[in-house]
Amino acid sequence: MHALSELRQARRFVIKVGSALLVQQGKPRVEWLASLAAEIADLRKASEVIVVSSGAIALGAAKLGLAKGGRGSLADAQAAASVGQVELARLWSDALGHHGITAAQMLVTIGDLEERRRYLNASATLARLLEAGAVPVVNENDSVATEEIRFGDNDRLAARVAQAAGAEAVLLLSDVDGLYDRDPREAGATLIERVEGVTPEVMAMASGASASGLGSGGMLAKLQAARIAERAGIALAIVNGTYVSPIARALDGPVGTLFVPQGDASARKAWLGGRLAPAGVLTVDAGCAVALEKGASLLAAGITEIEGDFARGDLVAIHGPKGERLGQGLVEYTAAECRSIRGLKQDRQADRLGYAPRAAVVHRDHMVRT
């Protein structure tokens, strides 16, 4: 897919709806949601649709009278989410039900998409709901999520759900038209209509702030979502959802930013590359960084620093000598074992380990560059 208009060809969509679009001053935008539900019903004539919807915390905070939109503390956010999720599910059920569509609530935590077995379970549930003709409405389970263990924004969640569901396209409905080459409030800012790969230069254009103050994401989170999607061969678009019938406006316009898929990684590699919560960090020297760039496995001899307390099989991030993120993968040793063989050639590792060393600390088959 090379243009926004081509997204209509997608067999399966994920549509992400942000809090600022769904809720204003604590009240749901019922008429706007009705227009979006009509567009979803139209899309379903040729495609399957999954919705990732924010809004539970904003709705619950208004009902409970909590300050700062329910984000004053973790306890407030969890309480607001518990109340608001009931209202959010009702809103979607009513809006889609008007078109004869069954809405299915699906609440997930980061562990449901980070741990391989639970990821496959989530994938199977999404597949069965779509097969049965329902529209899954997915949200992070903020009533139990903590600051340390959560997606933190539904942009990245939408990209991960798209992976799990085998979707071909993700639409992030936002309160801006798309990615600009600088802060869109600055004079001369230019909308970028198409991005061929989320490079460091593209990441530098992002602001981490959420314009509305309601959500937890921002342009940085959207670019991280695009990076997850493009690796899995999924097209992702950022479009302005503040208008009535926002999808038609974006795709017929076209108005927005399209991130073109950059690869078609295996399902396992795509899952691995999209994981967001590494248990530790392995820092490597310059020579090792070059070898990794060429597709080599990570060997103990190239490791200079180790952070975290991880077990064998955990996800670890891999950093270069200047702290730059090189990739991530599944580690073959515990943190203590890694520290004992750090910087050693293979013929010296057995004495430290007490057993014959494995082929690599992180094998290339269990590693992705980021």
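The values are calculated or read from the model by the stated rules, or taken from the named source; none is laboratory data. Bear in mind that the values here come from a model prediction, so they are computed numbers and not experimental data. Here the Cβ is made from the backbone with ideal geometry for all residues, glycine too, and neighbour counts use every protein chain on show.
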Of the candidates A104, A75, A34, A41, the one satisfying the condition of being in a helix (DSSP H, G or I) and either free of Cβ contacts under 8 Å to residues at least 40 places away in the same chain or crowded, with 20+ Cβ neighbours inside 10 Å (or both) is A75
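Among the residues of the range 300-317, is there at least one that is of a type in the set (K, R), surrounded by fewer than 17 Cβ atoms within 10 Å (Cβ to Cβ) and either without any contact (Cβ under 8 Å) to a residue 12 or more places away in the chain or not in a loop (DSSP other than H, G, I, E, B) (or both)?
no
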Residues of the range 231-263 being surrounded by 21 or more Cβ atoms within 10 Å (Cβ to Cβ), modelled with pLDDT of 90 or more and over 13 Å from L7 (Cα atoms), in sequence order, are G241, P246
Just to be sure, is G26 of a type outside the set (K, R) and buried (at least 24 other Cβ atoms within 10 Å of the Cβ)? no
For the range 123-143, pairs from a residue that is farther than 15 Å from L113 by Cα to a residue that is part of a strand (DSSP E or B) and not hydrophobic (A, V, I, L, M, F, W, C), with Cβ under 7 Å and 6 or more apart or across chains, are L129/P136; L130/E48; V137/S53; V137/Q105
Checked pairs for the range 235-263, first assigned to a loop (DSSP other than H, G, I, E, B), second among the basic types (K, R) and surrounded by fewer than 24 Cβ atoms within 10 Å (Cβ to Cβ), C-beta under 8 Å and 6 or more apart or across chains, list as Y243/R249; V255/R249; V260/R194
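Listed here are the residues, each with its yes/no results for (1) over 20 Å from D153 (Cβ atoms); (2) touching a Pro at 6+ places or on another chain (Cβ under 9 Å).
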| position | (1), (2) |
| --- | --- |
| A103 | yes, yes |
| I110 | no, no |
| L120 | yes, no |
| E131 | yes, no |
Selection from the range 5-15 of residues within 20 Å of the chain's Cα centre (by Cα) and part of a helix (DSSP H, G or I) yields L7
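Return yes when V316 is closer than 30 Å to P200 by Cα and in contact with a Lys or Arg (Cβ under 7 Å, 6 or more places away or on another chain) and no when it is not. Lay out the reasoning, then the answer.
Values: closer than 30 Å to P200 by Cα: yes; in contact with a Lys or Arg (Cβ under 7 Å, 6 or more places away or on another chain): no.
When the stated conditions are applied, V316 does not pass them.
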Pairing a residue in the range 339-358 that is on the phi < 0 side of the Ramachandran plot with any residue that is at pLDDT 90 or above and acidic (D, E), where Cβ atoms lie under 7 Å and the two sit 6 or more apart in sequence or on different chains, gives L353/E337; R358/E332
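Within the range 145-162, restricting attention to residues that are modelled with pLDDT under 90 and surrounded by 15 or more Cβ atoms within 10 Å (Cβ to Cβ), which residue is farthest from M219 (Cα to Cα)? Outline the logic, then answer.
Applying the first criterion (modelled with pLDDT under 90) to the range 145-162 yields 145-153.
Okay, now just the ones that are also surrounded by 15 or more Cβ atoms within 10 Å (Cβ to Cβ), so 145, 150-153.
Details: A145: 22, R150: 18, F151: 15, G152: 13, D153: 11 Å.
The selected residue is A145.
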If you go through G70, G97, G60, G18, the only one that is within 23 Å of the chain's Cα centre (by Cα) and either surrounded by fewer than 22 Cβ atoms within 10 Å (Cβ to Cβ) or in contact (Cβ under 8 Å) with a residue 24 or more places away in the chain (or both) is G18
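Looking only at residues that are closer than 30 Å to D42 by Cα and touching a helix residue (DSSP H, G or I) at 6+ places or on another chain (Cβ under 8 Å) in the range 82-91, which one is surrounded by the fewest Cβ atoms within 10 Å (Cβ to Cβ)? Give the derivation first.
First, pick out the residues of the range 82-91 that are closer than 30 Å to D42 by Cα: 84-91.
With touching a helix residue (DSSP H, G or I) at 6+ places or on another chain (Cβ under 8 Å) added as a condition, the list becomes 84-85, 87-88, 91.
Working: G84: 28, Q85: 22, E87: 18, L88: 27, L91: 22.
Ranking the qualifying residues of the range 82-91, first place goes to E87.
Residue-by-condition table, conditions (1) within 21 Å of W271 (Cα to Cα); (2) modelled with pLDDT of 95 or more:
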site: L315; (1), (2): yes, no
site: Q328; (1), (2): yes, no
site: R342; (1), (2): no, yes
site: A356; (1), (2): no, no
site: D365; (1), (2): yes, no
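Going through the range 278-295 one residue at a time, which ones are in a loop (DSSP other than H, G, I, E, B) and surrounded by 15 or more Cβ atoms within 10 Å (Cβ to Cβ)?
P278, A279, D285
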Sole miss for D76 among (1) touching a Leu at 6+ places or on another chain (Cβ under 6 Å); (2) modelled with pLDDT of 95 or more is condition (2)
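With the structure loaded, tell me whether D142 is crowded, with 18+ Cβ neighbours inside 10 Å, within 20 Å of the chain's Cα centre (by Cα) and not in a loop (DSSP other than H, G, I, E, B) or whether it fails that test. Break it down stepwise before answering.
Numbers: crowded, with 18+ Cβ neighbours inside 10 Å: yes; within 20 Å of the chain's Cα centre (by Cα): yes; not in a loop (DSSP other than H, G, I, E, B): no.
Considered against the rule, which asks whether it is crowded, with 18+ Cβ neighbours inside 10 Å, within 20 Å of the chain's Cα centre (by Cα) and not in a loop (DSSP other than H, G, I, E, B), D142 comes out as no.
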